[in-house]
Amino acid sequence: MRNYKFLFFAVVIIAGVFLFINHKETIAPKVFLRSHKIGDKLDSLHGVVVFYNGSVSHSGKRNVSTDGYNIGMQYQCVEFVKRYYYEYYHHKMPDSYGNAKDFFDNTLTDGVYNGNRDLLQYRNSSKAKPQQGDLVIMDATRFNPYGHVAIVSNVTNNSVEIIQQNPGPAALSRAKYDLQYRKNLWRIDNARILGWLRMKTKN
């Protein structure tokens with residue numbers, strides 16, 4: 001009986017090693033063993049650059065504008081969206097701190113003013129279709145208690161593309177989701193997305 005148990009565990013270990021080696025050989029060179037260094041330019045939207053951050057937990061120094069506005073910790077997701085709004089829209093948020101998920105105020109109804117961010121807020125099912133330049137907020141997960149934020153880079157009638165900083169070493173600077181229109185409401189097909197924020201002056 002002992003021999004059978006030993007044989008069983010030996011097979012399991014060998015199979016695990018085999019799968020790990022194959023996984024490493026087929027995926028690691030393309031995804032995990034990136035040639036980028038922290039601070040490398042990966043992408044941009046309207047001239048605002050996305051920088052490579054390596055590990056999600058890595059934080060550089062605090063990025064503060066010349067006029068003293070707190071943009072955020074380099075090169076976190078929050079730093080990119082706030083830098084985008086500051087450089088492209090010349091927009092400063094009254095509350096310049098907080099984690100990604102905190103950008104969304106759950107107490108607000110769809111399409112009303114979010115005073116902490118000085119932006120209009122839409123829920124992810126909304127009468128307002130997402131637009132390029134909107135700031136998308138994703139909820140926390142079991143492994144990410146802080147949430148995530150990104151900028152809408154492109155919209156069609158059935159898809160939304162976002163541009164993001166610090167999504168993780170295995171993720172890209174762009175991601176695309178299905179866009180649904182049902183019962184006169186627009187919804188980005190991703191359960192994590194709480195909603196999006198928009199400049200008050202945007203049409």
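Please treat every number below as a calculation from the coordinates, not as lab data. What you are looking at is a predicted structure, and each value in this text was computed from that prediction instead of being measured. Neighbour counts are summed over all protein chains in view; Cβ atoms, including those assigned to glycine, are modelled from backbone coordinates with ideal geometry.
The table for this structure:
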{"read-out": "Spacing of the two label points (7 Å from each Cα toward its C-beta) at TYR181 and THR109, in nm", "value": "2.4"}
{"read-out": "Nonlocal Lys pairs with alpha-carbon distance under 15 Å, segment 41-198 (8 or more apart, or different chains)", "value": "4"}
{"read-out": "Burial ranking of peptide ranges 114-124, 178-188 (average Cβ count within 10 Å, highest at the top)", "value": "114-124, 178-188"}
{"read-out": "Cα pair distances exceeding 23 angstrom across segment 41-198, given as percent", "value": "32"}
{"read-out": "Size of charge dipole - segment 41-198 - debye, nearest 20, with Cβ of Lys, Arg +1 and Asp, Glu -1, no other charges", "value": "260"}
